[in-house]
1. Select from the range B:1-36 the residues that are assigned to a strand (DSSP E or B) and not β-branched (Val, Ile, Thr) and list them in ascending order.
2. Where the second residue is open to solvent by 50 Å² or more (accessible area, probe 1.4 Å) and acidic (Asp, Glu) and the first is farther than 18 Å from A:Lys77 by Cβ and lies in the range A:4-33, which pairs have Cβ atoms under 6 Å and are six or more apart or on separate chains?
3. Looking only at residues that are part of a helix (DSSP H, G or I) and in contact with a Pro (Cβ under 9 Å, 6 or more places away or on another chain) in the range B:255-273, which one is farthest from the other protein chains (Cβ to nearest Cβ)?
4. Any residue in the range A:175-193 that's farther than 16 Å from A:Gly110 by Cα: show its pairings with residues that are open to solvent by 60 Å² or more (accessible area, probe 1.4 Å) at Cβ separation under 8 Å, as long as the two are six or more apart or on different chains.
5. Yes or no: the range A:64-75 includes at least one residue that is over 20 Å from the mean Cα position of the chain (by Cα) and under 25 Å from B:Ala64 (Cβ atoms).
6. Modelled with pLDDT under 95 and more than 17 Å from the chain's Cα centre (by Cα): which single residue out of B:Pro202, B:Pro206 fits that description?
7. Condition first: closer than 27 Å to A:Ile2 by Cα, without any contact (Cβ under 8 Å) to a residue 60 or more places away in the chain and under 17 Å from the mean Cα position of the chain (by Cα). Can you find one or more residues in the range B:248-263 that meet it?
8. Would you call B:Asn80 at pLDDT 95 or above and assigned to a strand (DSSP E or B)?
Amino acid sequence: MINKEQVTILSSKTIALDTFEMVLNNHYISQHAKPGQFLHIYVEGHTLRRPISIANVDPEQETITVLFKRMGAGTQKIATYQPGMVLDVLGPSGNGFYIDSNDSTVLLIGGGIGVPPLYFLGKTLAKQGRKIISVLGFQSKQHVFYEQEFKALGETIIVTNDGSFGEQGFVTDVMDSLGQYDCYYSCGPLPMLQAITAIVPNQKGYISLEERMGCGVGACFACVIPTADEAGYRKICKDGPVFSAKEVTL
Amino acid sequence: MSQLAVNLPGLNLKNPIMPASGCFGFGREYSEFYDLSKLGAIIMKAATGSERFGNRTPRVAETASGMLNAIGLQNPGVENIIKHEVPFLANYNTSVIANVAGSTLEEYEHVAAAFNDTEHVHALELNISCPNVKEGGIQFGTDPEMAARVTEAVKRASNLPVYVKLSPNVSDILSMAKAVEDAGADGLSMINTITGMQIHLPSGKPLLANKTGGLSGPAIKPVAIRMIYEVSQEVSIPIIGMGGITTAEDVLEFLLAGASAVAVGTANFQNPFVCVEIIDELPHVLSKYGYESITDVIGKGVSV
């Protein structure tokens, strides 16, 4: 259930170009958050909250880690927040990644600031003894983050658009060279998700979507996506942000 | 009558606070945050004759002290709303107002008449002012003659009190208000959103897929106050006021301008508890400014 919670910033640091990692302290969210869920963060002076996905949770330490990219006025403001500050957040919001207990090998495909929710998922799956393969795409070397963290979970391939780090190209360029996997999970820019679902149309997979949100709780119908059968729609904030790759039209 | 109560046509409100149409869905999501029986009333999301999927995304954009939206009246259609949503709201001890929208006169009549079959809807809000759909809505809301025609038609079709929701996107709000009053409206609700646009700098194009959207939030509050102040002096039907209300002080300002009750919209997105927090705060604000009750305040700011 979504609560309105006060979270305390324990630390905030830059981990890549315009990319920040913030560790938050909150009992309720740290006990209930699942991989794929997000926090809807109130930013002082702004009408709308900002949805930021959860990158990690430590239930013992009661901490939640979020990663975000400084893009517009809202994330610029959040980037200035200092440890000790208390934030007003709604969370944990949305539905997380569906995990099939029969899957033994999973592929994580992240693009840019779509990488963070996959880390929380990968850590959870690795703990359950599953084999993790990760393909992470970034614009260039200075945008790369969490390489070591993903390597600790399993085989990790980094690609950059300009080739300044890892392999040159897009995540889809290396997908052919991977071995068998039971399921993929992906989060990143829409063109990347479209390319992936087109390359492996029959593969079981789940994608996490991003959209400009209003209420963030399913009431305002701002962040909807048509279903694959075009007979309806899903609310990204409430029904998602994670969907089966076959469920929605990208 | 208790300090916060207000009686309006069809609506015996225990307090003057209700969530605005389109900002609260059909109440389900916010019922997980608090008991909806605390609300004076609930205005449901717009109903049209059949299901509508609305506009493409992005549908919202933040602005200074507000936001633009272009949802496009997405809703499951009036039959579905009566079958699945009204029964849910009937579980709560609060008044229910149905927002009626359409593309044609006939669709407005059809939707309005459909609500005659349920005893759990207490009034209609006639949406002649949605700026975000290609046809219908706004053209009924910017021409006094068209507004009067749709009001008459809906009054004939419905057995419920009808509050006509006025658009601020007109040069003469008074003639609109008078036209619908003469056509039989039981009340007014005002204001709907103000048409606006935002250009997204990285793409150089309008941010909203619909290009234009309706501006809401604190940015439009002074426009709402001005229009309610002008209209309340010239009509004798009650006004449900709305436009950027965030605090109990804002509510007092709307009542002073001549509103008899208010709706809270955009503020729900920022704080899901805003309606109940305002209700709890209202008695303190009344006493701070020397008023005994809500009815004591209504129209006090209008110099006659």
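The values are calculated or read from the model by the stated rules, or taken from the named source; none is laboratory data. Computed from a prediction, not measured in an experiment: that's the story for all the values here. Backbone-built Cβ (ideal geometry, glycine too); neighbour counts: all protein chains shown. Each accessible area value is taken on the protein alone, full model and side chains, heavy atoms only, with ligands, DNA and RNA left out. Shrake-Rupley method; radii C 1.70, N 1.55, O 1.52, S 1.80 Å.
1. Let us first name the residues in the range B:1-36 that are assigned to a strand (DSSP E or B), namely B:6-8, B:11-13, B:17-19.
Within the range B:1-36, B:Asn7, B:Leu8, B:Leu11, B:Asn12, B:Leu13, B:Met18, B:Pro19 meet the criteria.
2. As it stands, the answer is A:Asn25/A:Glu62; A:His27/A:Glu62; A:Ser30/A:Glu62, since those pairs meet every condition given.
3. Quick first cut of the range B:255-273, residues part of a helix (DSSP H, G or I) only: B:255-257, B:267-270.
Filter again for in contact with a Pro (Cβ under 9 Å, 6 or more places away or on another chain), leaving B:255, B:267-268.
Values: B:Leu255: 24, B:Ala267: 9, B:Asn268: 7 Å.
Filtering first and then ranking leaves B:Leu255.
4. Between residues of the range A:175-193 that are farther than 16 Å from A:Gly110 by Cα and residues that are open to solvent by 60 Å² or more (accessible area, probe 1.4 Å), the close pairs are A:Asp182/A:Asn102; A:Asp182/A:Ser104; A:Asp182/A:Lys204.
5. Residues of the range A:64-75 that are over 20 Å from the mean Cα position of the chain (by Cα), as a first pass: A:73.
Checking which are under 25 Å from B:Ala64 (Cβ atoms) leaves us with A:73.
Checking the range A:64-75: at least one residue is over 20 Å from the mean Cα position of the chain (by Cα) and under 25 Å from B:Ala64 (Cβ atoms).
6. Working: B:Pro206 fails: modelled with pLDDT under 95.
Result: B:Pro202 is the single residue among B:Pro202, B:Pro206 that is modelled with pLDDT under 95 and more than 17 Å from the chain's Cα centre (by Cα).
7. No, the conditions are met nowhere in the range B:248-263.
8. No, not satisfied.
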